[in-house]
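Every number in this text was worked out from the coordinates using simple rules, so none of it is lab data. These numbers were taken from a predicted model, which means no experiment stands behind them. Cβ placement follows ideal geometry from the backbone for every residue including glycine, while neighbour counts extend to all protein chains displayed.
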């Protein structure tokens, strides 16, 4: 569904490449670990140290790749649409290979990975089918596909992924609402089985970072994680 249907903030909206190109310099300062990395730590259907190789789809600045390596994952390859984000990922030196390109059409080998992972990416894609099909192609039999996404429920509050420019102006990045049922239909259609799903709600950890959220958003899900196999 089009995000515009739910938009309540009416920020100027940028395309994905343009938006993340501009956001890259401040991304690490604005994206909270409670959004995504906390969910990875809570998953129980992934044996991280047993993952000898992983592909990081939409690797951004390398936050996810750094978490994977710290969790015991072996070699990690990454791909991202935005040169400015990749520049920061390269500086981290946690990936074996990095490529500039589309998460739905990567240059990596088929069935080469124990794990495919994507974090805070799917909400920027008009459709989900290419992402799931590519993750299926890349993972070997018995592998895992982990997806962390911005919850459709929270997008329906009218809040897109956004950042503040140096002059204080808030700008959003092109977003799309994909329901949980959309993920399940596309994932099953790609040949996966859903092994686990968890949701990250506004709780004490969130309120510690964003006190103003306590009254309006307490208990609402902001992000979610799925494990496919």
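Summary of values
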| item | result |
| --- | --- |
| Rotationally averaged projected area of the stretch 135-202 (alpha carbon convex hull; nm²) | 6.5 nm² |
| Helix 180-189 vs. the chain, principal-axis angle (Cα, 0 to 90°, nearest 10) | 20 degrees |
| C-alpha long axis of helix 83-92 to longest principal axis of the chain, angle in ° | 60 degrees |
| Cα centroid separation, the stretch 182-229 to the stretch 14-86 (Å) | 16 Å |
| Mean Cβ neighbour count within 10 Å, used as a protection proxy, ranking 70-83, 91-104, 206-219 highest first | 70-83, 91-104, 206-219 |
| For the stretch 3-228, share of DSSP beta bridges that run antiparallel, in % to the nearest 5 | 45 percent |
| Between helix 129-138 and the chain: long-axis angle, C-alpha atoms, 0 to 90°, nearest 10 | 30 degrees |
| Computed lengthening from residue 210 to residue 1, 0.36 nm per intervening residue step minus Cα-Cα distance | 72.5 nm |
| Dimensionless Rg ratio for the stretch 75-178, taking C-alpha atoms and the 2.2 N^0.38 Å reference | 1.19 |
| Segments 221-227, 146-152 sorted - mean Cβ within 10 Å per residue, highest first | 146-152, 221-227 |
| Gyration tensor over alpha-carbon atoms, the stretch 7-58, equivalent ellipsoid semi-axes in Å | 30, 15, 11 |
| Packing-based order for 60-69, 6-15, 158-167, using average beta carbon neighbours within 10 Å, highest first | 60-69, 158-167, 6-15 |
| Residue of 51, 35, 156 that the Gaussian network model of the chain assigns the largest fluctuation, springs spanning Cα pairs under 10 Å | 156 |
| Theoretical FRET efficiency, 1/(1+(r/R0)^6), r = Cβ-Cβ of residue 75 and residue 100, R0 22 Å, to 0.05 | 0.70 |
| Contact order relative to length of the stretch 3-228, as percent, for alpha carbon pairs under 8 angstrom and 6 or more apart | 23 percent |
| Percentage of interatomic Cα-Cα distances in the chain larger than 29 Å | 22 percent |
